[in-house]
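The values are calculated or read from the model by the stated rules, or taken from the named source; none is laboratory data. Small disclaimer: the values here were computed from a predicted structure and weren't measured. Quick reminder, even Gly has a Cβ in these numbers, built from the backbone with ideal geometry, and neighbours come from all protein chains shown.
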Amino acid sequence: MKIRGMLYRRTKTGFTFVEILLVIAAIGLMVAIVVPSLSAYMDRSRLVESTVQIGEMSKKISQYERAKGALPSDLDDLGLENVLDPWGRPYEYYNIRTTTGKGKPRKDKKLKPINSDFDLYSLGRDGLSKPSLNDKDSRDDVVRAREGAFIGLAEEFDP
(Lines give C-alpha, C1' and ligand atoms only; values in the text may rest on other atoms or scores of the structure.)
Protein backbone atom coordinates (compact mmCIF):
# COMPACT_ATOMS: atom_id res chain seq x y z
CA MET A 1 0.00 0.00 0.00
CA LYS A 2 1.40 3.35 -1.04
CA ILE A 3 0.68 6.50 0.87
CA ARG A 4 2.26 9.71 -0.47
CA GLY A 5 5.00 7.87 -2.17
CA MET A 6 5.95 5.59 0.68
CA LEU A 7 5.40 1.91 0.89
CA TYR A 8 3.86 0.63 4.14
CA ARG A 9 3.45 -2.92 5.14
CA ARG A 10 0.51 -4.00 7.13
CA THR A 11 1.47 -6.00 10.19
CA LYS A 12 -0.87 -8.44 11.82
CA THR A 13 -2.08 -7.45 15.26
CA GLY A 14 -4.38 -9.24 17.70
CA PHE A 15 -4.89 -12.91 18.46
CA THR A 16 -5.74 -15.71 16.12
CA PHE A 17 -8.74 -17.90 16.69
CA VAL A 18 -6.47 -20.82 17.63
CA GLU A 19 -4.68 -18.74 20.27
CA ILE A 20 -7.98 -17.71 21.82
CA LEU A 21 -9.13 -21.35 21.88
CA LEU A 22 -5.89 -22.40 23.61
CA VAL A 23 -6.37 -19.75 26.32
CA ILE A 24 -10.01 -20.80 26.86
CA ALA A 25 -8.97 -24.46 27.06
CA ALA A 26 -6.25 -23.63 29.62
CA ILE A 27 -8.72 -21.68 31.77
CA GLY A 28 -11.25 -24.52 31.51
CA LEU A 29 -8.60 -27.03 32.61
CA MET A 30 -7.66 -24.89 35.63
CA VAL A 31 -11.32 -24.52 36.63
CA ALA A 32 -11.84 -28.28 36.26
CA ILE A 33 -8.97 -28.88 38.69
CA VAL A 34 -9.67 -26.09 41.20
CA VAL A 35 -13.47 -26.32 41.64
CA PRO A 36 -13.60 -29.96 42.90
CA SER A 37 -10.65 -29.32 45.21
CA LEU A 38 -12.30 -26.21 46.61
CA SER A 39 -15.59 -28.05 47.05
CA ALA A 40 -13.86 -30.90 48.93
CA TYR A 41 -12.04 -28.35 51.11
CA MET A 42 -15.32 -26.59 51.95
CA ASP A 43 -16.98 -29.91 52.85
CA ARG A 44 -14.09 -30.81 55.16
CA SER A 45 -14.14 -27.40 56.84
CA ARG A 46 -17.92 -27.64 57.42
CA LEU A 47 -17.47 -31.10 58.93
CA VAL A 48 -14.77 -29.84 61.29
CA GLU A 49 -16.84 -26.80 62.27
CA SER A 50 -19.89 -28.95 62.98
CA THR A 51 -17.82 -31.42 65.01
CA VAL A 52 -16.41 -28.61 67.14
CA GLN A 53 -19.85 -27.04 67.67
CA ILE A 54 -21.38 -30.38 68.72
CA GLY A 55 -18.51 -30.90 71.17
CA GLU A 56 -19.02 -27.46 72.71
CA MET A 57 -22.80 -27.89 72.88
CA SER A 58 -22.35 -31.32 74.51
CA LYS A 59 -20.20 -29.73 77.22
CA LYS A 60 -22.89 -27.11 77.89
CA ILE A 61 -25.54 -29.84 78.10
CA SER A 62 -23.40 -31.79 80.59
CA GLN A 63 -22.81 -28.64 82.66
CA TYR A 64 -26.55 -27.99 82.68
CA GLU A 65 -27.18 -31.55 83.85
CA ARG A 66 -24.66 -31.20 86.71
CA ALA A 67 -26.16 -27.86 87.77
CA LYS A 68 -29.86 -28.76 87.46
CA GLY A 69 -29.79 -32.50 88.08
CA ALA A 70 -31.44 -33.30 84.74
CA LEU A 71 -30.79 -32.94 81.05
CA PRO A 72 -32.42 -29.99 79.27
CA SER A 73 -35.66 -30.75 77.49
CA ASP A 74 -34.45 -28.85 74.41
CA LEU A 75 -31.67 -26.53 73.26
CA ASP A 76 -33.81 -23.50 74.19
CA ASP A 77 -33.05 -24.25 77.87
CA LEU A 78 -29.38 -23.53 77.12
CA GLY A 79 -29.95 -20.52 74.88
CA LEU A 80 -28.73 -22.53 71.89
CA GLU A 81 -31.96 -22.49 69.90
CA ASN A 82 -30.50 -20.15 67.27
CA VAL A 83 -27.23 -22.00 66.74
CA LEU A 84 -27.08 -23.24 63.16
CA ASP A 85 -24.86 -25.91 61.69
CA PRO A 86 -22.44 -24.96 58.88
CA TRP A 87 -25.12 -25.82 56.31
CA GLY A 88 -27.52 -23.27 57.84
CA ARG A 89 -29.87 -25.64 59.67
CA PRO A 90 -30.54 -25.95 63.42
CA TYR A 91 -28.94 -28.80 65.33
CA GLU A 92 -31.16 -31.69 66.37
CA TYR A 93 -31.35 -32.59 70.08
CA TYR A 94 -33.20 -35.48 71.66
CA ASN A 95 -33.25 -36.22 75.40
CA ILE A 96 -33.32 -40.02 75.49
CA ARG A 97 -34.03 -40.24 79.21
CA THR A 98 -37.24 -38.22 79.05
CA THR A 99 -37.98 -38.78 75.35
CA THR A 100 -38.20 -35.05 74.67
CA GLY A 101 -36.84 -33.16 71.73
CA LYS A 102 -36.94 -33.71 68.01
CA GLY A 103 -36.90 -37.13 66.44
CA LYS A 104 -36.18 -40.51 67.93
CA PRO A 105 -33.03 -42.07 69.37
CA ARG A 106 -30.32 -42.55 66.76
CA LYS A 107 -29.30 -46.15 66.12
CA ASP A 108 -26.14 -47.75 64.79
CA LYS A 109 -25.84 -50.28 61.98
CA LYS A 110 -27.01 -53.03 64.34
CA LEU A 111 -30.05 -50.89 65.29
CA LYS A 112 -28.79 -50.31 68.84
CA PRO A 113 -29.00 -46.78 70.30
CA ILE A 114 -25.74 -44.87 69.91
CA ASN A 115 -26.22 -42.95 73.20
CA SER A 116 -27.99 -43.56 76.49
CA ASP A 117 -28.27 -39.93 77.62
CA PHE A 118 -29.02 -37.64 74.65
CA ASP A 119 -28.56 -37.36 70.91
CA LEU A 120 -27.13 -34.22 69.36
CA TYR A 121 -26.47 -34.06 65.64
CA SER A 122 -26.40 -32.06 62.43
CA LEU A 123 -28.42 -33.16 59.42
CA GLY A 124 -25.29 -32.74 57.30
CA ARG A 125 -24.91 -31.60 53.74
CA ASP A 126 -28.16 -33.06 52.37
CA GLY A 127 -30.40 -31.96 55.26
CA LEU A 128 -31.99 -35.41 55.45
CA SER A 129 -31.85 -37.95 58.26
CA LYS A 130 -33.35 -41.17 59.52
CA PRO A 131 -32.98 -42.75 63.00
CA SER A 132 -30.64 -45.48 61.69
CA LEU A 133 -27.12 -44.32 60.82
CA ASN A 134 -27.09 -47.07 58.21
CA ASP A 135 -29.77 -45.31 56.14
CA LYS A 136 -28.41 -43.40 53.12
CA ASP A 137 -30.13 -40.20 54.33
CA SER A 138 -28.11 -40.37 57.56
CA ARG A 139 -24.65 -41.18 56.20
CA ASP A 140 -23.62 -37.50 55.97
CA ASP A 141 -25.00 -36.54 59.40
CA VAL A 142 -22.51 -35.31 61.98
CA VAL A 143 -23.37 -37.22 65.15
CA ARG A 144 -22.44 -37.50 68.79
CA ALA A 145 -22.19 -41.17 69.87
CA ARG A 146 -21.00 -43.26 72.82
CA GLU A 147 -21.96 -40.48 75.25
CA GLY A 148 -19.65 -38.07 73.45
CA ALA A 149 -16.65 -40.36 72.96
CA PHE A 150 -17.29 -40.13 69.20
CA ILE A 151 -18.26 -36.99 67.30
CA GLY A 152 -18.05 -37.15 63.53
CA LEU A 153 -19.63 -38.40 60.32
CA ALA A 154 -22.26 -41.07 60.79
CA GLU A 155 -20.68 -43.17 58.03
CA GLU A 156 -17.43 -43.26 60.04
CA PHE A 157 -19.06 -44.45 63.25
CA ASP A 158 -18.25 -48.06 63.97
CA PRO A 159 -19.99 -49.48 67.05
TODO: State the number of residues belonging to segment 12-43 that are aromatic (Phe, Trp, Tyr) and exposed (fewer than 10 other Cβ atoms within 10 Å of the Cβ).
DONE: 1
TODO: Determine, yes or no, whether TYR41 is in a helix (DSSP H, G or I), touching a helix residue (DSSP H, G or I) at 6+ places or on another chain (Cβ under 8 Å) and either more than 26 Å from GLU156 (Cβ to Cβ) or modelled with pLDDT under 95 (or both).
DONE: no
